[in-house]
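The next block holds one structure in the form of structure tokens; read it before the comments.
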Amino acid sequence: MITGFIAMEGNLFIKWGTILFFGLGVVVFIVELLPNSAYLKLTNEGFEVRSLYRSNFTKWVEVDRFGIFYIRFYAMVVLNFTEEHKKHTIGKKIARSLSPYQGALPQTYGMKAIKLAELMNEWKFKNEK
């Protein structure tokens, strides 16, 4: 945000655009730190991911498997869906064009990505019906 004040003295539009963009980033960061705004909940039926107070539930039978995908030095937990998963068809196609996977968890919830992927696969295969 400070860059918006210092480096962009000439162009007022770029100056305020920079300030707003990074200011919103700070707000999102703070909201993610609030209680119950983000979590991963595993149940016998499936898993619920919550981010920015929005929840999404996926059944275990809708997931083929969980894996790890690296973007530079950052490891993330990724997944492919089965034919039973009918939501987000366009998003899955876009994700598949960028990587071998159709979806990803938004974070690793304080765990190493490999350990979280192993845990998710363990729950999936234990509770699959």
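The numbers here are math on the coordinates, done by the rules we state, and not lab data. Keep in mind it's a predicted model, so treat the numbers as computed, not measured. Neighbour counts are summed over all protein chains in view; Cβ atoms, including those assigned to glycine, are modelled from backbone coordinates with ideal geometry.
Structure data summary
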{"item": "Relative contact order for segment 23-114, counting Cα pairs under 8 Å that sit 6 or more residues apart, in percent", "result": "20"}
{"item": "Chymotrypsin sites (Phe, Trp or Tyr not before Pro) restricted to segment 77-129 and DSSP loop, no more than 13 other C-beta within 10 Å", "result": "109"}
{"item": "FRET efficiency, 1/(1 + (r/R0)^6) with R0 25 Å, evaluated for residue 128 and residue 28 via beta carbons", "result": "0.10"}
{"item": "Relative exposure of 114, 90, 30, judged by other C-beta atoms within 10 Å (fewest first)", "result": "90, 30, 114"}
{"item": "Helix 113-127 axis, angle to the chain major axis (alpha carbon atoms, nearest 10°)", "result": "40"}
{"item": "Net lengthening on full extension, residue 48/residue 12 (0.36 nm per residue, minus Cα-Cα)", "result": "8.6 nm"}
{"item": "Contour minus Cα-Cα distance for residue 83 and residue 109 (0.36 nm per residue)", "result": "6.6 nm"}
{"item": "Prolate/oblate/rounded call for segment 39-127, Cα gyration tensor, a/c under 1.5 rounded", "result": "rounded"}
{"item": "Filter on 41/93; 41/115; 41/92 - keep pairs with C-alpha separation over 24 Å", "result": "41/93"}
{"item": "With Cα atoms, 0 to 90° folded angle of helix 12-33 axis to the chain main axis", "result": "40"}
{"item": "Gained length - residue 19 relative to residue 61, 0.36 nm times residue gap less alpha-carbon distance", "result": "10.7 nm"}
